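Contents: one structure, followed by commentary.
The values are calculated or read from the model by the stated rules, or taken from the named source; none is laboratory data. Given the structure is predicted, the values throughout are model-derived calculations rather than measurements. So basically every Cβ, Gly included, is an ideal-geometry build from the backbone, and we count neighbours across all protein chains shown.
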Amino acid sequence: MTVPGAWYLTLASILFVVGAVGLLVRRNVLVMFMCVELMLNAVNLTFVTFARMLDDIGGQIVVFFVLVVAAAEVVVGLGIIVAIFRRRAGATADDISLLKG
Amino acid sequence: MDWVVFGVSAAVVLVGALGVVTSRNPVHAALSLVGTLFGIAILFVAQRADFLAVVQVIVYAGAIVVLFLFVIMLLGVDQAENLEVDPLVGQRPAAVGLGLAGLACLLLPIAFGKWEWLSGQPSVVGPAHTGTDPNVTRLARALFARYLLPFEATSVLLVIAVIGAVVLARRPLGSERLDETVREEP
């Protein structure tokens, strides 16, 4: 009665695409960042599913490393966002397209 | 029973993900993100990745989302965003079309049962389920033997992230003195 891995992979693909579309559509920098987290989680789910399907602990090890990198990424990304918002309040992704201060 | 667990948590995950993308208020988006992360944790448990499910709840729902909410509140950007206007004409249909095309590409190998195209060789590191060892033991054995060097590298990465966050969030020295004089005046 276990759910086949293909269902989990399908769910992870849908989650990844929802995150990617959100990243393209939204203009609020914080919400775009959350969409990146959605995509990371979709990939984590894929890794765990393959760890089960192939009976290999390596997939779970990769998820462990992805979690660490995601934590570091959030810290640095939110630092950048705080630095941007201190310069100009209420900035969206369209307002910071110049690559200069 | 497994199907019920999968169905409920898949629904929670997808509703949360759509909530992140479509909610106008960033705080609501962060709360929807918590729902998605919990659903993913349940799916981890359902696939017997117990340690990762716990870490998922503690690190993601406990630390990362709180950090998001903290920044939202700190910056005061919790006002609703107007989603009616399309900033670039035709960008949204293009994004959705691109997403659906990507989804079709992702689902193609799964639909044909050729997921080996995505995953590569089976059983490289060690068994995840066969045998009697608990999940944490297997993870630790692989992590502290075969993957010890990457594990040490992550500690360096975390130190770099901490230093980067401090450097980014620090005010320049001049503006700090300005704040102090303003505070002392009255």
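Brief remarks on what is shown
- Scanning the range A:27-82 for residues that are touching a residue at least 60 places away in the same chain (Cβ under 8 Å) and not in a helix (DSSP H, G or I), we see that the one that is nearest to B:Val166 (Cα to Cα) is A:Asn28.
- So B:Asp2, is it over 18 Å from A:Phe16 (Cβ atoms), at the interface with chain A (Cβ under 8 Å from one of its Cβ atoms) and in contact (Cβ under 8 Å) with a residue 24 or more places away in the chain: yes
- For the range B:112-158, residues that are facing another protein chain (nearest Cβ under 8 Å), exposed (fewer than 12 other Cβ atoms within 10 Å of the Cβ) and not polar (S, T, N, Q) total 2.
- Test: residue in the range B:91-104 that is on the phi < 0 side of the Ramachandran plot, in contact (Cβ under 8 Å) with a residue 12 or more places away in the chain, of a type outside the set (Ser, Thr, Tyr) and surrounded by fewer than 19 Cβ atoms within 10 Å (Cβ to Cβ): no
- Residue in the range B:67-86 that is crowded, with 21+ Cβ neighbours inside 10 Å and either basic (Lys, Arg) or within 17 Å of B:Asn135 (Cβ to Cβ) (or both) present: no
- Only one of A:Ala83, A:Ala51 that is crowded, with 19+ Cβ neighbours inside 10 Å and facing chain B (nearest Cβ under 7 Å): A:Ala51
- Just one residue in the set B:Gly39, B:Gly35, B:Gly76 is at positive phi and either more than 7 Å from every other protein chain (Cβ to nearest Cβ) or at pLDDT 90 or above (or both); that residue is B:Gly76.
- Verdict on A:Leu45 being within 22 Å of B:Cys105 (Cβ to Cβ), within 15 Å of the chain's Cα centre (by Cα) and surrounded by fewer than 20 Cβ atoms within 10 Å (Cβ to Cβ): no
- B:Phe38 among the hydrophobic types (A, V, I, L, M, F, W, C) and touching a Leu at 6+ places or on another chain (Cβ under 6 Å): no
- Residues satisfying the stated conditions in the range A:1-26, i.e. under 30 Å from B:Gly76 (Cα atoms) and outside any helix (DSSP H, G or I): A:Arg26
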